[in-house]
Amino acid sequence: MEKLQHRLEVLGQGVHALRLSGLVDVFSYVAVKQLIDAYAREHTPPRLYVDMAEVQYVGSSGWSVFFVQASALEKAGGALCLGAMTDRVQHALNMLAPRKGLLLTAPSEAEALPLLLQPPQAVSEP
Amino acid sequence: MNLVYIQNDWSIVVPLSPIFYVDDLHPPLGAEGLESLRDRMLECVLQAGVVREDAWRLVAVADEWVSNMEEHGNADRLRISVEPSQGAEPLRLRLWDNGHGFNAVAGAAFAEGPDPKRYRGLGLWMIRQATRSLRQGRTSSGENETILEF
């Protein structure tokens, strides 16, 4: 069974990477919420890259956490960016939120960094 | 999306031979049970030739339905069947439960999209986004039947 695993790393310039692996579903979304809550409490401004490369599946409860937490981090003057999503996970996001810009995403860590370092107004949808 | 709710003795859509069928699901499935269901279903429908994007949607919808049934449906037995697209017949996901009748049609009709203030409630939105029709009724044997077409 692919349990949810995580690792927090410093990327530099005040940006951190939360590397997730496994499943973000109805059984693990609370853990993801708590991880991001804890990160946001300890880092100001909270600028978080969530590495999704090893996440096999995200259910609706997992997506809700990412939507809510992205908004919360933005309000705290930071940002949250999901990156390196697999085709399956990206497909689910496209299905759930076909309107671009609801959630900051990037194909890779390198492409996420400049987005996270911009002021929040510049990365959120008008 | 077409939404239909029929209350009694419904048998509108004739079943085709399924490419995936499971009739021994007894909630709560737990994390391992749900993961196993998703994996088995995905493997079966891919082997049957369903394109991967449709297979992903199918599995996501089944996952959301089972999760909703566990939370709201009060069922102790679930059945799932996937019928292949054949000619004019669309790919179809057929779900049965013996619970008190969770009204997914109404839920999907009023489901709202992603909201940065709300942690739950996206499941029915996902079902609505992923399917082109949702029909629900009660069989003559008293089970709730939900049919989703892709």
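Quick notes on this one:
- Count of residues meeting criterion [free of Cβ contacts under 8 Å to residues at least 40 places away in the same chain, within 14 Å of chain A (Cβ to nearest Cβ) and not small (G, A, S)] in the stretch B:12-36: 3
- Total residues in the stretch B:1-21 satisfying the condition of being within 20 Å of B:A130 (Cβ to Cβ), of a type in the set (V, I, T) and either in a loop (DSSP other than H, G, I, E, B) or modelled with pLDDT of 70 or more (or both): the figure is 2.
- Filter result for B:A104 (crowded, with 18+ Cβ neighbours inside 10 Å and closer than 21 Å to A:S64 by Cα): yes
- Failed criterion for A:K3 (all others in (1) surrounded by 19 or more Cβ atoms within 10 Å (Cβ to Cβ); (2) in contact with a strand residue (DSSP E or B) (Cβ under 6 Å, 6 or more places away or on another chain) hold): (1)
- Search result, residues across the stretch A:1-42 that are in contact with an Asp or Glu (Cβ under 7 Å, 6 or more places away or on another chain) and basic (K, R): A:R19
- Qualifying residue in the stretch A:20-29 (condition: surrounded by 14 or more Cβ atoms within 10 Å (Cβ to Cβ), farther than 23 Å from B:M126 by Cβ and either of a type in the set (F, W, Y) or within 14 Å of chain B (Cβ to nearest Cβ) (or both)): no
- Counting only residues that are touching a residue at least 40 places away in the same chain (Cβ under 8 Å) and touching a strand residue (DSSP E or B) at 6+ places or on another chain (Cβ under 9 Å), the stretch B:54-69 holds 6 of them.
- Qualifying residue in the stretch A:59-74 (condition: in a strand (DSSP E or B) and either over 10 Å from the mean Cα position of the chain (by Cα) or closer than 24 Å to B:G123 by Cβ (or both)): no
The values are calculated or read from the model by the stated rules, or taken from the named source; none is laboratory data. All values derive from a computational prediction rather than experimental measurement. Here Cβ is always computed from backbone atoms with ideal geometry, including for glycine, and neighbour counts include all displayed protein chains.
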